[in-house]
Amino acid sequence: MSPPLREAGTRPLAPAAGLPPLPAGRGGMDLAEALASALSALAANTLRAVLTALGIFIGVAAVIATVAVGAGARQQVMQQIESLGANLLVIWPGTVRQGAVRLGAGARPSLTWDDAQGVVEEVPSIVAASANIRQGLQVIAGNQNWATTIQGADPDVFVVHDWVIEEGRPFTAEEARAGRKVAVLGATVAEMLFPYENPVGARIRIAATPFEVIGVLGRKGQNAQGMDQDDVVMIPFWTARRSVMGAGRVWSRSVNFVSLKVAEGEDMRAAEEEVRALIRQRHRLAPNEPDDFNLRNMSDVAATRDASSRTLSMLLASVAAVSLLVGGIGVMNIMLVSVTERTREIGLRLAVGARRRDILAQFLIEAVVLALLGGAAGVVAGIGLSHLLGAAAGWPVLIQWDAVALAVAVSALTGLFFGFWPARRAARLDPIAALRHD
Amino acid sequence: MRDADAAPGPLLVETEGLTKHYAAGEGTVAALAGVDVAIPPGAFVAAMGPSGSGKSTFLNLIGCLDRPTGGSYRLMGEEVARLSPDRLAEIRSRRLGFVFQSFNLLPRADALANVELPMIYRGVRRRQRRERAAAMLAAVGLGERLHHRPNQLSGGQQQRVAIARALVNGPDLLLADEPTGALDTRTGLEIMALFQALNRSGVAILMVTHDAEVARFAARVLRFRDGRLVGDRAQVPADAAAALAALPAAPAEAA
């Protein structure tokens with residue numbers, strides 16, 4: 001058989017003649033093409049895409065909001081630790097046994113001014129100490145008066161608690177020794193008694209005793225228990241004992257608490273044990289006797305609170321993780337549906353020269369774009385939600401940008417991970433069967 | 001001795017013992033049971049036969065959409081029977097163009113974007129793609145409808161878009177699977193006239209059809225039965241343009 005054929009013309013064929021030549025190499029689909037194609041495929045089914053991305057949206061928003069709230073709480077705790085004074089140890093009188101009867105804390109004057117002096121003299125890692133007594137009293141200045149806490153303290157109290165002197169000066173060791181009637185006002189007290197003038201140099205009366213205001217403290221704000229730390233008047237310890245809070249106990253050396261500053265870089269635990277040993281020795285406690293005082297590392301207290309807020313964050317973060325997982329499964333589901341719906345399209349793309357990896361890339365990119373759109377919307381919503389929580393519930397919030405970046409990365413990875421199987425399924429379709437699919 | 005061996009230059013298509021078995025239940029079914037065929041460049045060949053005769057399997061194998069179970073297949077002198085799926089995709093991209101009965105256009109994309117698609121997989125830059133696609137659509141008579149979507153085009157126009165798409169990469173061979181199967185007589189004749197014009201300008205065409213009315217426009221007819229080639233006959237093709245002119249006047253095709 002010799003078929004009489006039309007003799008072939010030469011290529012390029014006439015309709016394409018005069019067109020720019022095709023590139024010699026094989027390029028394959030570029031990323032911009034793939035992105036445009038993914039977006040148009042998603043746009044064709046907007047509602048479905050939105051619903052699918054919802055899971056990831058919620059997950060990412062939850063991650064960002066919880067991390068922001070957690071970080072805000074942590075930052076607040078850190079500020080509180082700082083406002084207490086860094087490297088702070090506090091001793092207060094403990095319970096005392098009388099036979100089988102345990103008396104309440106402070107029932108006996110078990111802690112004295114001399115304990116504070118002893119610690120700072122004998123424990124090298126303690127750089128400063130202050131013995132303190134406190135009492136709530138009325139303070140009068142001109143025609144203003146205010147009920148506040150009077151704290152009798154040693155001059156080092158400003159060092160121990162990291163108090164800043166905003167105006168004037170702190171009282172000196174000399175003034176403390178001499179029992180001078182000088183006072184340093186907390187910011188709140190200064191505001192209440194002297195709303196319009198500078199209090200330094202003014203005279204006030206504390207429980208009828210006249211004092212000279214020599215300084216005003218910087219503001220610290222609330223402590224961890226929500227008490228205003230600035231609602232205080234600092235006066236020298238022995239002045240307080242003899243002139244203000246005496247009431248028949250003017251020679252008592254007992255104190256409400258002793259605060260100690262551990263030297264920078266010293267091990268807090270070791271310092272704590274040294275102090276404990278010294279006080280036990282000073283109180284002549286036998287080895288089997290319990291402490292008659294309490295000793296706390298204040299940053300431990302705050303750290304415990306921090307740990308509990310961390311636990312809460314972990315819990316919320318796992319909720320967010322579950323939400324992302326569910327979102328990812330949603331992406332996988334919808335991508336499988338999409339692959340089935342577009343089987344003919346896949347067959348056609350294969351027929352016109354798409355390689356398997358082109359199809360794989362197309363569907364992977366679509367899944368990642370879908371997940372990323374959810375993630376991006378989640379970022380916006382998460383930041384909004386954080387601020388809303390901050391404003392509505394009064395919680396401190398701190399947007400953690402590394403968490404935001406992580407959430408976006410995780411949503412992209414979710415798309416990649418859960419999109420892979422549907423994409424591989426698409427890439428492995430038999431072109432003939434795909435073209436015949438209805 | 002096969003006549004084709006005497007022809008100068010590489011043959012467009014050359015198969016020897018081309019076989020395709022499919023697993024069916026416990027045994028296998030031979031969809032194609034050893035086909036030897038030689039097609040020179042520039043041919044216009046129709047493959048005919050009842051359904052199940054193997055003509056579609058033959059088209060799929062020649063179109064590199066499928067790999068034969070046995071035998072050899074050389075396309076432009078290159079043995080392609082054992083190539084990997086990705087290598088086959090490359091062959092399809094460079095050497096082959098497809099036209100289907102149901103057009104298989106992307107419904108969301110306009111005519112221009114549909115014609116651009118094969119060039120995307122060849123890494124052609126966007127600007128060049130647009131130029132070529134627009135020129136190709138103009139060449140098939142759709143220069144005014146570049147931005148119509150498939151559902152805004154008639155069946156004949158959709159098939160023209162598909163033909164433009166098949167030709168845009170400058171293939172050696174255009175493969176058509178029942179290209180007029182979904183079209184009315186007049187539109188089918190228009191497509192055949194277009195095929196003949198393309199063929200005259202040098203495009204080789206292999207067209208599968210069960211319709212003898214369509215097959216008469218080809219210059220050579222292969223007949224399949226039970227997976228075998230049972231007839232290979234050259235003929236003087238009927239002139240589709242003349243047949244079209246001879247049709248009684250019909251209402252103009254809806255645009």
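The values are calculated or read from the model by the stated rules, or taken from the named source; none is laboratory data. Just so we're clear, the structure is a prediction, and the values are computed from it rather than from any experiment. So basically every Cβ, Gly included, is an ideal-geometry build from the backbone, and we count neighbours across all protein chains shown. Ligands, DNA and RNA are stripped out before the accessible areas are found, and what is left, the full protein with its side chains, is counted by its heavy atoms. Shrake-Rupley method; radii C 1.70, N 1.55, O 1.52, S 1.80 Å.
Below, the figures for the structure above:
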{"quantity": "Single residue of the range A:348-361 satisfying the filter (crowded, with 24+ Cβ neighbours inside 10 Å and touching a residue at least 24 places away in the same chain (Cβ under 8 Å)) that is farthest from the other protein chains (Cβ to nearest Cβ)", "calculated": "A:Ile359"}
{"quantity": "Members of the range A:277-316 found to be in a helix (DSSP H, G or I), modelled with pLDDT of 75 or more and surrounded by 14 or more Cβ atoms within 10 Å (Cβ to Cβ), listed by number", "calculated": "A:Leu278, A:Ile279, A:Arg280, A:Arg282"}
{"quantity": "Enumeration of residues in the range A:186-213 that are open to solvent by 10 Å² or more (accessible area, probe 1.4 Å) and in contact with a Lys or Arg (Cβ under 7 Å, 6 or more places away or on another chain)", "calculated": "A:Ala187, A:Thr209, A:Pro210, A:Glu212"}
{"quantity": "Filter result for B:Pro150 (touching a residue at least 40 places away in the same chain (Cβ under 8 Å), more than 24 Å from B:Arg95 (Cβ to Cβ), out of contact with any strand residue (DSSP E or B) (no Cβ under 7 Å at 6 or more places or on another chain) and within 14 Å of chain A (Cβ to nearest Cβ))", "calculated": "yes"}
{"quantity": "A:Ala367 being touching a Lys or Arg at 6+ places or on another chain (Cβ under 8 Å) and at pLDDT 80 or above", "calculated": "no"}
{"quantity": "Out of A:Glu266, A:Glu273, sole residue that is in a helix (DSSP H, G or I) and either more than 14 Å from every other protein chain (Cβ to nearest Cβ) or at pLDDT 85 or above (or both)", "calculated": "A:Glu273"}
{"quantity": "Any helices (runs of 4 or more DSSP H) falling wholly within the range A:134-227 and containing at least 2 residues that are under 31 Å from the mean Cα position of the chain (by Cα) and not hydroxyl-bearing (Ser, Thr, Tyr)", "calculated": "A:157-160, A:187-193"}
{"quantity": "Meets criteria (touching a helix residue (DSSP H, G or I) at 6+ places or on another chain (Cβ under 6 Å), in the same structural domain as A:Ala49 (by TED's automatic domain parsing), surrounded by fewer than 24 Cβ atoms within 10 Å (Cβ to Cβ) and of a type outside the set (Lys, Arg)) for A:Val379", "calculated": "yes"}
{"quantity": "Residue pairs meeting the criteria (Cβ under 7 Å; at least 6 apart or on separate chains; first over 17 Å from A:Val157 (Cβ atoms), in the range A:206-221; second part of a loop (DSSP other than H, G, I, E, B))", "calculated": "A:Thr209/A:Lys181; A:Pro210/A:Lys181; A:Glu212/A:Lys181; A:Gly221/A:Gln229"}
{"quantity": "Flag if A:Ser411 is part of a helix (DSSP H, G or I), of a type in the set (Ser, Thr, Tyr), open to solvent by 10 Å² or more (accessible area, probe 1.4 Å) and farther than 26 Å from B:Glu90 by Cα", "calculated": "no"}
{"quantity": "Which listed residue is away from every other protein chain (no Cβ under 14 Å) and over 25 Å from B:Asp211 (Cβ atoms), from B:Glu14, B:Glu79", "calculated": "B:Glu79"}
{"quantity": "Unmet requirement for A:Arg241, which otherwise passes all of (1) surrounded by fewer than 21 Cβ atoms within 10 Å (Cβ to Cβ); (2) in a helix (DSSP H, G or I)", "calculated": "(1)"}
{"quantity": "Those residues of the range A:419-438 which are outside any helix (DSSP H, G or I) and within 15 Å of A:Arg357 (Cβ to Cβ), in sequence order", "calculated": "A:Arg428, A:Leu429"}
{"quantity": "Enumeration of residues in the range B:1-30 that are aliphatic (A, V, I, L, M), modelled with pLDDT of 90 or more and closer than 11 Å to B:Arg228 by Cβ", "calculated": "B:Leu18"}
{"quantity": "Total residues in the range B:163-205, condition assigned to a strand (DSSP E or B) and open to solvent by less than 10 Å² (accessible area, probe 1.4 Å)", "calculated": "6"}
{"quantity": "Test for A:Leu372: is it assigned to a helix (DSSP H, G or I), open to solvent by less than 60 Å² (accessible area, probe 1.4 Å) and not assigned by TED's automatic domain parsing to the domain that holds A:Glu264", "calculated": "no"}
{"quantity": "Hits in the range A:222-238 (condition: in contact (Cβ under 8 Å) with a residue 40 or more places away in the chain, open to solvent by 10 Å² or more (accessible area, probe 1.4 Å) and hydrophobic (A, V, I, L, M, F, W, C))", "calculated": "A:Ala224, A:Trp238"}
{"quantity": "Test set (1) touching a residue at least 40 places away in the same chain (Cβ under 8 Å); (2) within 24 Å of B:Phe58 (Cα to Cα); (3) within 12 Å of chain A (Cβ to nearest Cβ) - B:Gln159 fails condition number", "calculated": "(3)"}
{"quantity": "Any hit, the range B:177-186, residues being among the charged types (D, E, K, R) and modelled with pLDDT under 90", "calculated": "no"}
{"quantity": "Among the candidates B:Ala133, B:Ala113, B:Ala109, B:Ala139, residue that is within 30 Å of B:His210 (Cα to Cα) and either within 9 Å of chain A (Cβ to nearest Cβ) or out of contact with any His (no Cβ under 7 Å at 6 or more places or on another chain) (or both)", "calculated": "B:Ala139"}
{"quantity": "The range B:206-216, residues that are open to solvent by less than 10 Å² (accessible area, probe 1.4 Å) and either at the interface with chain A (Cβ under 10 Å from one of its Cβ atoms) or of a type in the set (Gly, Ala, Ser) (or both)", "calculated": "B:Ala215"}
{"quantity": "Test: B:Arg160 is part of a helix (DSSP H, G or I), modelled with pLDDT of 90 or more, closer than 23 Å to B:Thr185 by Cβ and open to solvent by 30 Å² or more (accessible area, probe 1.4 Å)", "calculated": "yes"}
{"quantity": "Test: residue in the range B:185-204 that is under 24 Å from B:Gly17 (Cβ atoms), within 12 Å of the chain's Cα centre (by Cα) and either touching a residue at least 40 places away in the same chain (Cβ under 8 Å) or within 13 Å of chain A (Cβ to nearest Cβ) (or both)", "calculated": "yes"}
{"quantity": "Residue match in the range B:138-146 (condition: under 17 Å from B:Pro171 (Cα atoms) and buried (at least 21 other Cβ atoms within 10 Å of the Cβ))", "calculated": "yes"}
{"quantity": "Any strands (runs of 3 or more DSSP E) falling wholly within the range B:1-103 and containing at least 2 residues that are surrounded by 20 or more Cβ atoms within 10 Å (Cβ to Cβ) and in contact with a Phe, Trp or Tyr (Cβ under 8 Å, 6 or more places away or on another chain)", "calculated": "B:13-24, B:27-39, B:44-48"}
{"quantity": "Given (1) closer than 30 Å to A:Ala403 by Cβ; (2) buried (at least 16 other Cβ atoms within 10 Å of the Cβ), index of the condition A:Asn333 fails", "calculated": "(2)"}
